[in-house]
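Q: Below you'll find the structure I mean.
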Amino acid sequence: MLRKLTLGSRRDDDYGERDENENGVVNGTLKPGEGFLPDYEDEGDAIVKSEFLSGDDRERSKSANSYKGKLEETNESNGNDAINGSASNGNYFHGRSSLGDDLGVDDDDSDQEPDDEEVLSDMERDSKGNFLDERRTTVAGGDNTSYSSKEVEAPLTDKYGFIIDPKNQTGSSGGARTTQVTISEKEKARRAEVEALRTTKWLAMIKDWDNIKDTKRTRNRIRKGVPDKVRGLVWNLLGNVPTLIKENPGRYTELCESTHIPSQDIRDTILRDINRTFPRHAMFAKEGEGQDSLRRVLVAYSLYDEEVGYCQGLGFITAMFLTYMPEEEAFWQLVGIMNHGPCCMRGLYEDGMPEAQKVLYIGEKLIKKFFPRLTKHLGRQNCHISMYATQWFLTIFTNTFPFDMVTQVWDCFLAEGWKIVYRVMLTFIRYSAPKLFRLEFEQIMFFFKQLPGAIDGPLLMEKAFGIPLKTRHIEHYSKKFDTLNPDIANRVQIKEQKKKEQEERIKKEIEEAEARGEGGVLTTTLSIPLAEL
Amino acid sequence: MATRVDEEYDYLFKVVLIGDSGVGKSNLLSRFTRNEFNLESKSTIGVEFATKSIQAEGKTIKAQIWDTAGQERYRAITSAYYRGAVGALLVYDISKHGTFDNVERWLKELRDHAEANIVVMLVGNKSDLKQFKAVETDEAMSFAEQHNLAFIETSALDSTGVDTAFQRILTEIYRLMSRRNLAADEAQAGGIKAGQTIDLNGNSKDKKGGCC
């Protein structure tokens, strides 16, 4: 909370005239009336925006677009300090929703699986309800968006803290990171109301967390998206952060203050990445507290886990955590996702990146299974999954995609693990397929490059749960990969075996030396290679 | 239907950008292909891709350029991209000697994974940082001579040398290829006919049509 207050107050001047932003122009990125979704076609809502929104809604829109820290300072408290302390984005507590329920996903989420083959052909044909903005995936097309001079003058951030730069809008270049596609005012208001309703539900759930955390109902609520106001807190609970801190009191501070420093190579790589991680986010754009925190957490982790040290990609994930929680919690969250629970990401980043190869293999096979015809086309165009999906997997979408999608993926990823990652990948492919069929290699590459800027996050997530992907599909290809790559699959055992052999050899040498009466000398010289294992 | 991006060209060359992380590979690519430099650029995760066509000795040469993540362990993924590449720009940062020290390791990487006759150019980037220069031009030049590499200093920030670097390596590749084809022609009394394109692996295919 303190961290955000400081950052927020630094940017005080930026908020004076922002009521027009959410009401008139979607995050300052698109002109009103650029509807694209069949379901949510903008029928001039943006033009009659002032009539459409109630007074309360206007207030809400204004604050929803401000920087988090500012909100904590100026908005009325909702009376829950624990939640404010974690992270809060929108002041959603005024209006009660008249909507019956949340976004379309059923509570019981039966996850029915129709016959695979039938689904495949359907999926390849059908792209109704597309979350892609056609204009934003037009290959080799320029962005013709125009902006009023007022927006150009005022440096703004979106609701996640990303600086909005009218000249730099595409997702891949790191501009504003809320969904950039046009959404009607009506739909925006609906989403805000849903979020408010969910926040109320979640407040009750958090209080009763230990009893409800493993229920199907909780899982389904997570799948619908954790409200941003309670997200940091919920992520901590999902990542078991309070327990990790309790079990390792003072450890983070110890690592930060340690005189032991990472190798030159690791240190240089971290330092070079600090100002290349979310350079368009208010917290990380300039040297200062945000960048310092990021550096400390990454260095601490490299000492905590010397075998992994630091791997490019981790910076984005850690930075995202830091926008939701204090430094120490972000560190343990990182420890958690790397080493425990359903995420277990460590193998992606260790030397040789063995698990990165594995998830790319699984991803490739899943695309082939669900979209066999498209796979043939991509194959003919020499388009390999590692060309477009490497960064999706290594950062779990954090480095380029809109944050309303990214954070929702992470809600689910923290709770359930890798399935959501493949689901999202398959959803991209499913709705891009009709277009991809018509494209050649270079166009396909540009299409994927532009994809992040063309996505309506919440809608995509809704569609992602409609993909009939089963855990057994993933397990099947996972096992297949292990069979094909025994060295990678058994690397832990192989490493342990080697370590054991080495230890035994050293022990034997020491014993022999001791028998000759040279014990002390040998123990010190031999302890070095052992430590380096 | 999307706009067609492929235009008419005589040759298509695949080139990779390699070198330590943070030396400016991505900005060299964006400066060359889009004349852009991004002070707020992000670390490259995996690989990125861009193309540009240039004129060399009366021919249109299209460069298909792959920009790779610089961290050593990423080679597990990026080394696959060396296959079929006919050129490599091996980039170091003139203000950080460590990035020049690693050049030898990158050469080994190319020897292990790339085609034997790949054209390699050593590129000392960030030449605008004159006051912080840590790698002397003479040092780099003699290293390049010793290892039979082309050499240039560039600045993606102020554009110095960027176009020249790409122009030179692509022209060099073209000359080598023509010489090789000529030799093949003499040997087979056939070879590549007009209206055909040599692709990365030396196969020939029909010339691309003009933009529709």
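The values are calculated or read from the model by the stated rules, or taken from the named source; none is laboratory data. The shown structure was predicted, so the numbers you read here are calculated from the model rather than taken from an experiment. Virtual Cβ from ideal backbone geometry, glycine too; neighbours counted across all protein chains shown. SASA here: full protein model, heavy atoms, side chains in, ligands and nucleic acids out. Shrake-Rupley method; radii C 1.70, N 1.55, O 1.52, S 1.80 Å.
Q: Being surrounded by fewer than 23 Cβ atoms within 10 Å (Cβ to Cβ) and part of a helix (DSSP H, G or I) is the filter; apply it to the range A:319-333 and report the residue that is farthest from the other protein chains (Cβ to nearest Cβ). Can you show your working first?
A: In the first step, residues of the range A:319-333 are kept if they are surrounded by fewer than 23 Cβ atoms within 10 Å (Cβ to Cβ); the result is A:326-328.
Those still in the list that are part of a helix (DSSP H, G or I) too: A:327-328.
Details: A:Glu327: 21, A:Glu328: 25 Å.
For the range A:319-333, the residue satisfying everything is A:Glu328.
Q: Another question, if that's okay. Mind counting the residues in the range B:45-77 that are closer than 23 Å to A:Leu314 by Cβ, β-branched (Val, Ile, Thr) and facing another protein chain (nearest Cβ under 8 Å)?
A: So the count comes out to 3.
Q: Quick one: would you say B:Arg105 is at the interface with chain A (Cβ under 10 Å from one of its Cβ atoms), of a type outside the set (Gly, Ala, Ser), part of a helix (DSSP H, G or I) and surrounded by fewer than 23 Cβ atoms within 10 Å (Cβ to Cβ)?
A: No, not satisfied.
Q: Which of the residues belonging to the range A:348-403 are more than 9 Å from chain B (Cβ to nearest Cβ) and in a loop (DSSP other than H, G, I, E, B)?
A: Passing the criteria: A:Phe371, A:Gln381, A:Asn382, A:Cys383, A:Ile396, A:Phe397, A:Thr398, A:Phe401, A:Pro402.
Q: Among the numbered criteria (1) within 14 Å of chain B (Cβ to nearest Cβ); (2) in contact (Cβ under 8 Å) with a residue 40 or more places away in the chain, which single criterion is violated by A:Lys224?
A: (1)
Q: State all residues of the range B:136-151 that are open to solvent by less than 20 Å² (accessible area, probe 1.4 Å) and within 17 Å of B:Val119 (Cβ to Cβ); if no residue qualifies, say none.
A: B:Ala144
Q: Only one of these conditions is not met by B:Glu8: (1) open to solvent by less than 10 Å² (accessible area, probe 1.4 Å); (2) more than 12 Å from chain A (Cβ to nearest Cβ). Which number is it?
A: That leaves (1) as the condition not met.
Q: A further question on this structure: Only residues that are away from chain B (no Cβ under 13 Å), closer than 17 Å to B:Asn38 by Cβ and modelled with pLDDT of 70 or more: list them for the range A:155-197, please.
A: Once the filter is applied, which keeps residues that are away from chain B (no Cβ under 13 Å), closer than 17 Å to B:Asn38 by Cβ and modelled with pLDDT of 70 or more, the range A:155-197 yields only A:Ile164.
Q: Something else now. Here's a check for you: in the range B:153-165, which residue that is touching a Ser or Thr at 6+ places or on another chain (Cβ under 7 Å) and either within 20 Å of B:Gln55 (Cα to Cα) or among the hydroxyl-bearing types (Ser, Thr, Tyr) (or both) is surrounded by the fewest Cβ atoms within 10 Å (Cβ to Cβ)?
A: Among those residues, the one meeting the criterion is B:Thr160.
Yes/no per residue for (1) within 20 Å of A:His340 (Cβ to Cβ); (2) among the basic types (Lys, Arg); (3) part of a loop (DSSP other than H, G, I, E, B):
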position: A:Arg198; (1), (2), (3): no, yes, no
position: A:Asn211; (1), (2), (3): no, no, no
position: A:Arg219; (1), (2), (3): yes, yes, no
position: A:Ile222; (1), (2), (3): yes, no, no
position: A:Val226; (1), (2), (3): yes, no, yes
position: A:Leu244; (1), (2), (3): yes, no, no
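Q: Anything in the range A:334-349 that is crowded, with 22+ Cβ neighbours inside 10 Å and more than 15 Å from A:Asn240 (Cα to Cα)? List them, or say none.
A: Passing the criteria: A:Met345, A:Leu348, A:Tyr349.
Q: Condition first: of a type in the set (Lys, Arg), in a strand (DSSP E or B) and over 17 Å from B:Ala88 (Cα atoms). Now tell me which residues in the range B:32-67 satisfy that. Lay out the reasoning, then the answer.
A: Narrowing the range B:32-67 to residues of a type in the set (Lys, Arg): B:34, B:42, B:52, B:59, B:62.
With the extra rule that they be in a strand (DSSP E or B), the set shrinks to B:52, B:59, B:62.
Residue satisfying the conditions is B:Lys59 alone.
Q: Among the candidates B:Leu89, B:Leu122, which residue alone is at pLDDT 95 or above and either closer than 14 Å to B:Gly70 by Cβ or surrounded by fewer than 19 Cβ atoms within 10 Å (Cβ to Cβ) (or both)?
A: Details: B:Leu122 fails: either closer than 14 Å to B:Gly70 by Cβ or surrounded by fewer than 19 Cβ atoms within 10 Å (Cβ to Cβ) (or both).
Only one candidate qualifies: B:Leu89.
Q: Any residue at all in the range A:301-308 that's on the phi < 0 side of the Ramachandran plot, part of a helix (DSSP H, G or I) and within 14 Å of chain B (Cβ to nearest Cβ)?
A: The first filter runs over the range A:301-308 and keeps only residues on the phi < 0 side of the Ramachandran plot, leaving A:301-308.
From what is left, the residues that are part of a helix (DSSP H, G or I) are A:301-304.
Within this subset, residues satisfying the condition of being within 14 Å of chain B (Cβ to nearest Cβ) are A:302.
Yes, some residue in the range A:301-308 is on the phi < 0 side of the Ramachandran plot, part of a helix (DSSP H, G or I) and within 14 Å of chain B (Cβ to nearest Cβ).
Q: Just a yes or no: is a residue in the range A:269-281 more than 30 Å from B:Phe100 (Cβ to Cβ) and within 14 Å of chain B (Cβ to nearest Cβ)?
A: Looking for residues that are more than 30 Å from B:Phe100 (Cβ to Cβ) and within 14 Å of chain B (Cβ to nearest Cβ), one finds at least one in the range A:269-281, hence yes.
Let's see how each residue does on (1) more than 17 Å from A:Leu394 (Cα to Cα); (2) at pLDDT below 95:
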{"residue": "A:Asp305", "(1), (2)": "yes, no"}
{"residue": "A:Thr318", "(1), (2)": "no, no"}
{"residue": "A:Ala330", "(1), (2)": "yes, no"}
{"residue": "A:Met338", "(1), (2)": "no, no"}
{"residue": "A:Gly341", "(1), (2)": "yes, yes"}
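Each row is one residue, and each column tells you yes or no for (1) in contact (Cβ under 8 Å) with a residue 40 or more places away in the chain; (2) open to solvent by less than 30 Å² (accessible area, probe 1.4 Å).
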{"residue": "B:Glu40", "(1), (2)": "no, no"}
{"residue": "B:Ala50", "(1), (2)": "no, yes"}
{"residue": "B:Glu57", "(1), (2)": "yes, no"}
{"residue": "B:Ala69", "(1), (2)": "yes, yes"}
{"residue": "B:Glu72", "(1), (2)": "no, no"}
{"residue": "B:Ala76", "(1), (2)": "no, no"}
{"residue": "B:Arg83", "(1), (2)": "no, no"}
{"residue": "B:Asp93", "(1), (2)": "yes, yes"}
{"residue": "B:Arg111", "(1), (2)": "no, no"}
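This table checks each residue for (1) open to solvent by less than 40 Å² (accessible area, probe 1.4 Å); (2) among the small types (Gly, Ala, Ser); (3) over 18 Å from the mean Cα position of the chain (by Cα).
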{"residue": "A:Trp235", "(1), (2), (3)": "yes, no, no"}
{"residue": "A:Pro262", "(1), (2), (3)": "yes, no, yes"}
{"residue": "A:Asn275", "(1), (2), (3)": "no, no, yes"}
{"residue": "A:Phe278", "(1), (2), (3)": "yes, no, no"}
{"residue": "A:Glu287", "(1), (2), (3)": "no, no, yes"}
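Q: Here's a follow-up. A:Ile467 versus (1) surrounded by fewer than 22 Cβ atoms within 10 Å (Cβ to Cβ); (2) within 14 Å of another protein chain (Cβ to nearest Cβ); (3) of a type in the set (Val, Ile, Thr): which is the lone unmet condition?
A: For A:Ile467, the exception is condition (2).
Q: Test B:Leu29 against the criterion of being outside any strand (DSSP E or B), more than 8 Å from chain A (Cβ to nearest Cβ) and within 12 Å of the chain's Cα centre (by Cα), and give yes or no.
A: yes
Q: Could we say that A:Ile270 is part of a helix (DSSP H, G or I), within 19 Å of the chain's Cα centre (by Cα) and either within 17 Å of B:Tyr74 (Cβ to Cβ) or of a type in the set (Val, Ile, Thr) (or both) here?
A: no
Results for (1) free of Cβ contacts under 8 Å to residues at least 12 places away in the same chain; (2) over 30 Å from A:Ile274 (Cβ atoms); (3) more than 16 Å from the chain's Cα centre (by Cα), shown as yes or no for each residue.
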{"position": "A:Ile362", "(1), (2), (3)": "no, yes, yes"}
{"position": "A:Leu378", "(1), (2), (3)": "no, yes, yes"}
{"position": "A:Met387", "(1), (2), (3)": "no, no, yes"}
{"position": "A:Arg423", "(1), (2), (3)": "no, yes, no"}
{"position": "A:Phe428", "(1), (2), (3)": "no, no, no"}
{"position": "A:Pro434", "(1), (2), (3)": "no, yes, yes"}
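Q: Right, here's the next one. Return the only residue of A:Arg438, A:Arg430 being within 14 Å of another protein chain (Cβ to nearest Cβ) and either part of a helix (DSSP H, G or I) or open to solvent by 40 Å² or more (accessible area, probe 1.4 Å) (or both).
A: Checking each option against the conditions leaves just A:Arg438.
Q: Quick one: is A:Asp268 out of contact with any strand residue (DSSP E or B) (no Cβ under 8 Å at 6 or more places or on another chain) and free of Cβ contacts under 8 Å to residues at least 60 places away in the same chain?
A: Against the criterion (out of contact with any strand residue (DSSP E or B) (no Cβ under 8 Å at 6 or more places or on another chain) and free of Cβ contacts under 8 Å to residues at least 60 places away in the same chain), A:Asp268 qualifies.
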